[in-house]
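What follows is calculated from the coordinates using simple rules that are stated; it is not laboratory data. The model shown is predicted, which means the values in this text are computed figures rather than measured ones. Please note: Cβ atoms are built from the backbone with ideal geometry, for glycine as well, and neighbour counts cover all protein chains shown.
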């Protein structure tokens with residue numbers, strides 16, 4: 001990330017994530033605004049429609065908390081919202097309207113791990129929340145401005161401005177309704193037999209911005225949108241246009257929504273967007289939600305540690321001495337190892353690719369709590385995690401970042417004990 005991004009705009013407010021003033025904004029954005037800070041310093045100074053320059057705040061996000069910046073729009077305006085972390089910080093943003101509906105969500109569209117989104121906003125109040133992707137403490141910057149204002153991030157294409165094709169098509173709750181849908185998944189209502197195999201269609205966002213489907217009976221569903229070249233984003237609404245859920249970058253650049261509570265029988269609408277290229281074909285599928293497959297998928301992505309009962313492959317490396325080397329032919333699905341720690345101290349795990357990919361490391365304790373995560377330390381693509389540990393068993397996963405990526409990863413495990 002470039003050094004000029006670390007500068008605050010004149011008059012910007014600096015606030016910490018634990019500052020939570022009790023004000024009349026308690027109900028703003030469905031209650032999310034209760035802990036928020038007006039990005040211009042006050043409500044009157046936080047109107048992006050009249051601001052002479054983009055408004056910015058610096059925020060410290062501790063553990064798995066989030067920072068919320070508040071702003072208003074007095075006249076319909078095309079607005080850019082951004083977040084950038086210092087150092088290795090990887091922010092994720094959600095933009096909510098005054099009712100608390102998430103109308104925009106992003107992880108990496110700002111480039112270099114930063115977040116960015118642009119959309120037309122109607123008059124009203126809005127809440128922009130920033131959190132750390134891996135839950136680690138992070139110092140970051142949030143910025144809100146009009147499209148003609150200076151951008152905080154480079155965007156996926158670089159150069160400081162996001163081309164229009166890199167901005168997702170955004171649909172508010174009044175657009176994705178069945179009256180506006182001309183493309184449908186399936187020839188009729190999707191029943192239990194079709195849900196087992198799934199219903200799929202393929203088209204670009206430009207050709208099909210909405211997809212409709214009808215459930216013949218109540219069902220828990222999984223909705224996927226696949227084509228990394230398009231970098232799809234999907235938003236699910238019911239037939240009346242009420243927001244249900246949204247996702248971007250569930251598995252690499254592909255998107256997926258898992259609705260684990262059965263949806264009622266009836267009509268539903270999927271709003272499509274593409275961050276990279278809205279002319280690329282995107283395969284959209286609706287299938288029945290498979291809890292077991294979803295759990296294995298979380299193991300494969302390193303989002304959850306597998307159990308140590310033999311039901312999922314975990315290589316036991318035994319008691320960790322001072323130093324251990326392990327080579328693994330890594331893929332985009334996590335390979336898991338366990339180590340036993342006999343004495344409390346510090347554990348260091350390093351993943352070296354030697355130019356054969358981009359490794360990601362994650363570590364959990366034996367209860368399944370994530371205690372460390374890293375992708376890209378230093379100036380390269382290798383990964384390193386360190387954590388204080390107590391005696392016990394720890395589970396470490398390593399995978400290649402990027403769909404279909406493979407390559408030899410050399411892992412180093414080191415243990416340090418307190419000086420006597």
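Details
- Potential extension, residue 242-residue 74 segment - 0.36 nm per residue separation minus Cα distance: 58.1 nm
- Taking the range 233-269 and a reference point 7 angstrom along Cα→Cβ of residue 99, the backbone N atoms nearer than 12 Å belong to 238, 240-244.
- Beta bridge orientation in the range 304-416: antiparallel %, DSSP, nearest 5: 95 percent
- Separation in nanometres of the label points that stand 7 Å from Cα toward Cβ, at residue 45 and residue 322: 5.8 nm
- Model label sites at residue 290 and residue 408, defined 7 Å from Cα along the beta-carbon direction, differ in position by 3.4 nm.
- Shape of the range 49-162, Cα gyration tensor, a/c cut at 1.5: oblate
- For residue 250 and residue 147, the difference between the fully extended length at 0.36 nm per residue and the C-alpha to C-alpha distance is 34.3 nm.
- If you plug the beta carbon distance of residue 217 and residue 369 into 1/(1 + (r/R0)^6) with R0 = 30 Å, you get a FRET efficiency near 0.20.
- Listed residues 141, 120, 210, most fluctuating in the chain (Gaussian network, C-alpha, under 10 Å): 120
- With both residues required to sit in the chain, DSSP beta bridges show an antiparallel share near 90%.
- A Förster radius of 56 Å combined with the Cβ-Cβ distance from residue 390 to residue 259 puts the calculated FRET efficiency at roughly 0.90.
- Relative contact order for the range 178-289: 39 percent, from Cα pairs under 8 Å spaced at least 6 residues apart, divided by residue count.
- The range 304-416 - Rg (one decimal) and Dmax (whole number), Cα, Å: 13.1, 39
- In the list (1) 22.9; (2) 27.7; (3) 22.1, the label attached to Kirkwood radius over Cα pairs in Å as derived from the coordinates here is (1).
- Spacing of the modelled spin labels on residue 202 and residue 329, each 7 Å from Cα toward Cβ, amounts to 2.9 nm.
- Fraction of alpha-carbon pairs over 23 Å apart in the range 178-289 - percent: 19 percent
- Taking all Cα pairs closer than 8 Å and separated by 6 or more residues, the relative contact order of the range 304-416 comes to 40 percent.
- Working from Cα pairs under 8 Å separated by at least six residues, relative contact order for the chain is 11 percent.
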